[in-house]
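Enquirer: Before I ask anything, let me first share the structure, which is written out below as structure tokens.
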Amino acid sequence: MRHDELEMIAVGCRAELRSMGVELRVSQNFEEIRGEFAQLDKDLGPAGDPASLLLTRANSFWIFATKDGLPILGFAVRMDDLVDEDAQAFLIRSLHVIFGVHVTRTAFSIFAGRHWGKAAYFGDLKANIRNGLATDGGKIIRLAFAYAHYRAFTDFGSDIHYCFLRAKDRAKGASYGFLEGEPFDWETDRSIYQDGNPEWIMQTRRERLPSLLADAAKLLPQWEGFAVDKKQRLGVVDNSARRSK
């Protein structure tokens, strides 16, 4: 899939949200972001809080969505350039820096020897169902995350995106645009979340972006026309009618 096609789908995701009454913003306002999340009746978590981490406009942004003027959704995206640092070492170090926990046991060293390069973390998802996310919430989340993945891969030149999920939420990983999952490999001296540690690290690599956006495109009203037009441009012949004879 060409870059202009990826861009067309990403723009289409945002336009479809607007047609649903949802305005999607990419924010890099470090001074006001805590107040924006407070409108969701939520606190901004440590992974996306500019008061906790030295975030910059070169490595972070927040997605913030409103419906009919009311805040319904927000989350943070932060990119870390690991260069040649081992992903296993980075994840252990980041758990301490961001969440203040110490790893007490590593089970299988799943991420040892992996070099992620530029890794973008998606976290601090906050939602307010009362303000309108209950209606078409699944579609809104899929479109918002698809757009965010596109922006992160494009703006940051990231190589991989990842997030932490509880086992009960693993099925939501695809809705968040994460196409692969592996076990969270560590025990810690205290829980990262109030209800325990994540059980999964969900990931999407840059080469999977076309698959991610192709799936999101199915939610767009112009998808059928786009698919037909692409077949014509690629010279794909539809033999279904011939086979039915």
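The values are calculated or read from the model by the stated rules, or taken from the named source; none is laboratory data. Being a predicted model, the structure only gives us computed values, none of them experimental. Cβ atoms come from the backbone with ideal geometry, glycine included; neighbour counts cover every protein chain shown. We work out accessible area using only protein heavy atoms, side chains counted, and drop any ligands, DNA or RNA first. Shrake-Rupley method; radii C 1.70, N 1.55, O 1.52, S 1.80 Å.
Enquirer: Suppose all protein chains stay in the model; what accessible area per residue would a 1.4 Å probe give for region 123-234, in Å²?
Expert: 48
Enquirer: So, one more: Return the distance in nm (one decimal) between the two label points of a simple spin-label model at K168 and A134, each offset 7 Å from Cα along Cα→Cβ.
Expert: Here the answer is 1.9 nm between the modelled labels.
Enquirer: Among A120, G74, L133, whose Cα sits farthest toward the positive end of the charge dipole of region 54-133 (+1 at Cβ of Lys/Arg, -1 at Cβ of Asp/Glu, about the Cα centre)?
Expert: The residue sitting most towards the positive pole is L133.
Enquirer: Oh, and also: Just the accessible area for H96, please: 1.4 Å probe, Å², rounded to the nearest 10?
Expert: Number for this one is 80 Å².
Enquirer: Also, quick follow-up: Return the whole-Å distance between the Cα centroid of region 1-44 and the Cα centroid of region 108-125.
Expert: 24
Enquirer: Which residue, I160, I140, I92, has the most motion in a Gaussian network model of the chain that connects Cα atoms within less than 10 Å?
Expert: Result for the chain, Cα springs under 10 Å: I92 fluctuates most.
Enquirer: So, with a 1.4 angstrom probe, what is the percent of accessible area on the chain that is carbon and sulfur?
Expert: On the way: 6080 of 12180 Å².
Within the chain, the accessible surface is 50 percent carbon and sulfur.
Enquirer: Using the Cα centre as the reference, give the magnitude of the dipole from point charges on the C-beta atoms of the chain (Lys, Arg: +1; Asp, Glu: -1; all else neutral), rounded to the nearest 20 debye.
Expert: With only Lys, Arg, Asp and Glu charged at Cβ, the dipole is about 980 debye.
Enquirer: Beta carbons within 10 angstrom, averaged per residue: use that to sort the peptides 73-83, 179-189, highest first.
Expert: Ranked by mean Cβ neighbours within 10 Å, highest first: 73-83, 179-189.
Enquirer: How much accessible area per residue does region 12-57 have, counting only protein heavy atoms and a probe of 1.4 Å, in square angstrom?
Expert: 52
Enquirer: List the aspartates and glutamates whose Cα lies under 13 Å from the Cα of K42, skipping any in the same chain that are fewer than 8 positions away.
Expert: List returned: D124.
Enquirer: Within the chain, which DSSP H helices have Cα atoms that stretch 18 Å or more along the helix axis and a mean Kyte-Doolittle hydropathy of at least 0.0?
Expert: Passing helices, by number: 137-156.
Enquirer: Per residue of the chain, what 222 nm ellipticity follows from adding -39500 (n - 2.57) for every DSSP H run with n ≥ 4, rounded to the nearest 500?
Expert: After summing the helix terms and dividing by the residues of the chain, the value is -10500 deg cm²/dmol.
Enquirer: Another question, if that's okay. Quick one: net charge around R142, please, counting Lys, Arg +1 and Asp, Glu -1 for every other residue with C-beta under 13 Å from its C-beta.
Expert: Overall, the nearby charge balance is +1.
Enquirer: Further question on the same structure: Note down the relative contact order for the chain as a percent, whole number, built from C-alpha pairs under 8 angstrom at least six residues apart.
Expert: 20
Enquirer: Tell me the Rg and the Dmax, in Å, that the Cα atoms of region 1-61 produce.
Expert: Both quantities, over Cα of region 1-61: 14.9, 40 Å.
Enquirer: If you project the alpha carbons of region 59-161 onto the principal axes, what extent comes out on each, in Å, largest first?
Expert: 47, 31, 20
Enquirer: The list [x] 1.14; [y] 0.98; [z] 1.09 gives values of Cα Rg over 2.2 N^0.38 Å, and only one came from this structure; which label was calculated from it?
Expert: Read-out taken from this structure: [z].
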